[in-house]
Amino acid sequence: MTLRGLRTLNSADAVFLPATRGGMSYARSIVEEYLDEDRQEIVELVCPAYRDRAAIKSRWVELAQIVHERLGSGRTGVFICEGDPSLYSTWIHLRAGLKQIRSSLELRTIPGVTSVSAAAAMADFPLAGGNDCVLITPAAIDGAVLARSLEHAETLALLKQGGQLTMLADALQSVAPSARVALVRRAGRPNELILHGSDAIRTAAADYFTTVLISRSEE
Ligand SMILES: C[S@@+](CC[C@H](N)C(=O)[O-])C[C@H]1O[C@@H](n2cnc3c(N)ncnc32)[C@H](O)[C@@H]1O
């Protein structure tokens with residue numbers, strides 16, 4: 001978390017956290033030690049896990065309504081999400097819901113450290129220099145997509161890859177056998193895991209909080 005993020009969290013009257021239906025909040029596990037339950041109202045928002053886009057949108061409007069109701073009479077609130085709030089984040093949905101409810105609401109987005117930057121630092125994996133291109137994608141990567149992506153970018157950062165590592169390792173070995181590869185799971189968390197090379201990533205157990213970095217350069 002950045003210093004500005006921490007200051008904003010400390011000064012908030014209410015803290016909103018994304019959570020799963022099973023009562024898990026990864027975001028909460030990150031900030032737990034900074035919450036002040038005597039002074040702050042802590043509200044977990046159960047995020048939709050549906051595939052239907054319309055259902056997701058309407059659930060986020062419901063969640064935005066909950067946030068809006070809790071922030072009456074000058075109270076301030078923060079919504080905590082993982083990494084940077086502008087990158088594939090639950091904040092994007094909540095922000096849209098809040099704007100839909102009241103377009104004049106004062107909203108601020110505080111930048112965070114993306115999983116791409118965190119993974120690069122943990123794995124000692126430079127992302128780009130000079131005119132290099134970096135492609136950040138959540139797409140499942142098969143051989144054809146991987147080959148095409150590596151034509152356009154020197155470095156790929158693959159998010160949401162937790163369950164497809166065998167397929168990715170096969171694709172890497174067939175279309176980019178000399179690429180540099182690193183997998184970072186749960187960067188910065190107590191159970192962080194860092195693996196190097198496509199053979200090693202094949203063995204990693206599925207985990208949603210996994211980022212894979214691939215570079216055309218072998219260094
Ligand atoms: C919904 S996206 C959130 C991205 C986040 N807003 C960011 O700035 O990186 C979730 C994906 O981010 C990546 N991710 C989030 N936290 C991570 C962590 N601690 N270590 C590695 N990857 C992580 C994983 O690829 C995961 O599937």
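Just need a number here: residues in the range 63-73 that are assigned to a helix (DSSP H, G or I) and either aromatic (Phe, Trp, Tyr) or without any contact (Cβ under 8 Å) to a residue 12 or more places away in the chain (or both).
1
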Only one of these conditions is not met by Phe125: (1) at pLDDT below 95; (2) surrounded by 19 or more Cβ atoms within 10 Å (Cβ to Cβ). Which number is it?
(1)
Taking the range 5-39, which residues are touching a residue at least 60 places away in the same chain (Cβ under 8 Å), surrounded by 12 or more Cβ atoms within 10 Å (Cβ to Cβ), outside any strand (DSSP E or B) and more than 16 Å from the ligand (Cβ to nearest atom)?
Thr8, Leu9, Ala12, Asp13
Go through the range 96-118 and count every residue that is within 16 Å of the ligand (Cβ to nearest atom) and in contact with a Lys or Arg (Cβ under 9 Å, 6 or more places away or on another chain).
4
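Rundown of residues vs (1) open to solvent by 60 Å² or more (accessible area, probe 1.4 Å); (2) at pLDDT 95 or above; (3) of a type in the set (Val, Ile, Thr), yes/no style:
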site	(1), (2), (3)
Val116	no, yes, yes
Ala119	no, yes, no
Pro177	yes, no, no
Ser198	no, no, no
Out of all the residues in the range 77-91, is one or more over 30 Å from Val134 (Cα atoms) and away from the ligand (no atom under 14 Å from the Cβ)?
yes
Residues satisfying the stated conditions in the range 179-219, i.e. acidic (Asp, Glu), more than 16 Å from Asp124 (Cβ to Cβ) and more than 15 Å from the ligand (Cβ to nearest atom):
Asp199
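The values are calculated or read from the model by the stated rules, or taken from the named source; none is laboratory data. These numbers come from a predicted model, not from an experiment. Ideal geometry is used to build each Cβ from the backbone, glycine not excepted, and the neighbour counts take in all protein chains shown. Please note that ligands, DNA and RNA were not included when accessible areas were found on the heavy atoms of the full protein model with its side chains. Shrake-Rupley method; radii C 1.70, N 1.55, O 1.52, S 1.80 Å.
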